[in-house]
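Student: What follows is a structure written as structure tokens; I'll ask about it next.
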Amino acid sequence: MSYTPFDAIQIGIASPEMILSWSYGEVKKPETINYRTLKPEQNGLFCERI
């Protein structure tokens, strides 16, 4: 494993436009996990597709 040394790192606040450009899905249901199957609800907060 090789490492690249660096002198500095810069951190900034992301703009609303930048955050929207990172997104590719939409949460359509407030559910998280199906209590019977213990799998994420489709279109819910934990949906793997989103």
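The values are calculated or read from the model by the stated rules, or taken from the named source; none is laboratory data. As the structure is a computational prediction, the values presented were derived from the model and not from experiment. Here the Cβ is made from the backbone with ideal geometry for all residues, glycine too, and neighbour counts use every protein chain on show.
Residue-wise test of (1) among the hydroxyl-bearing types (Ser, Thr, Tyr); (2) touching a strand residue (DSSP E or B) at 6+ places or on another chain (Cβ under 7 Å); (3) in contact (Cβ under 8 Å) with a residue 12 or more places away in the chain.
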| position | (1), (2), (3) |
| --- | --- |
| Thr4 | yes, no, no |
| Gly12 | no, no, no |
| Glu17 | no, no, no |
| Ser21 | yes, no, no |
| Glu26 | no, no, yes |
| Tyr35 | yes, no, no |
| Glu41 | no, yes, yes |
| Gly44 | no, no, yes |
| Arg49 | no, no, yes |
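Student: Which condition number does Ile50 fail, the rest of (1) modelled with pLDDT of 90 or more; (2) β-branched (Val, Ile, Thr); (3) within 20 Å of the chain's Cα centre (by Cα) being met?
Tutor: Failed condition: (1).
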